[in-house]
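Here's the structure, in structure tokens; my notes come after.
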């Protein structure tokens, strides 16, 4: 096959990327954690997570996925989260568990979510509580077996968590306890062994 696009590369850009230093995003994250354990990795709503904290929470979440939800290599995991501290933990934890991550725009409407879930054949979805109302009507038409619900307050500092909870008390969604939702915060409470 002729790589015609190479003709458009600037002269100072090589057509060969050479050997890669990291084989996966997990290798990159492990390296960053070993080099900068106490440096801030992510910030959101005046709350931060260091590389060491991301590593700890990701391992807890990944082991929960493997142990409690039987996630194995190549399991499809949809993540429908905005830019919150839960996102990198869900992402890296899913990768550590061996999952294939499918990102779904959290602003999608029910029909779009249904299409994305069916196209990907996802069996697990990690979703923000505020978007459950778009997920509920179509869930029966998909392969989804596990729904993990995150809250905006998950992983926030105690002060910010109290403030956000106070504001959301009047506006936040009410999760129906009759549904079989799993809480993201519960997944981080206990550690299990992760199998690579």
## Note on the structure
Between the Cα axis of helix 51-69 and the main Cα principal axis of the chain, the angle (0 to 90°, nearest 10) is 70 degrees
### Query
For helix 86-96, what angle does its Cα long axis make with the longest principal axis of the chain, in degrees from 0 to 90 and rounded to 10?
60 degrees
### Query
Label-point separation (nm) for residue 70 and residue 103, each offset 7 Å from Cα along Cα-to-Cβ?
3.1 nm
### Query
From largest to smallest, what semi-axes in whole angstrom does region 1-83 give when each is the square root of 5 times an eigenvalue of its alpha carbon gyration tensor?
33, 20, 14
### Segments 61-73, 91-103, 5-17 sorted - mean Cβ within 10 Å per residue, highest first
91-103, 61-73, 5-17
### Query
Which value at 222 nm does the chain reach when only helices count, each DSSP H run of 4 or more adding -39,500 (n - 2.57), with the total divided by all residues and rounded to the nearest 500 deg cm²/dmol?
-11500 deg cm²/dmol
### Query
Taking square-rooted eigenvalues a ≥ b ≥ c of the alpha carbon gyration tensor, is region 57-156 rounded, prolate or oblate, where a/c under 1.5 means rounded and, failing that, a/b exceeding b/c means prolate?
oblate
### Task
Starting from the exponent 0.38 and prefactor 2.2 Å, build the expected Rg for region 21-187 from its residue count and divide its actual Cα Rg by it.
1.03
### Degrees separating the helix 25-35 axis from the principal Cα axis of the chain, which is the longest one
90 degrees
### Summary
Descending packing, highest mean Cβ count within 10 Å first, for 114-121, 75-82 is 75-82, 114-121
### Message
Once you keep just the Cα pairs under 8 angstrom separated by 6 or more residues, what percentage relative contact order results for the chain?
### Response
21 percent
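Quick note: the coordinates plus some simple rules give every number you see, no bench work behind them. Computed from a predicted model, the values in this text were never measured in an experiment. Every residue, glycine as well, gets a Cβ built from its backbone with ideal geometry; the counts of neighbours run over all protein chains shown.
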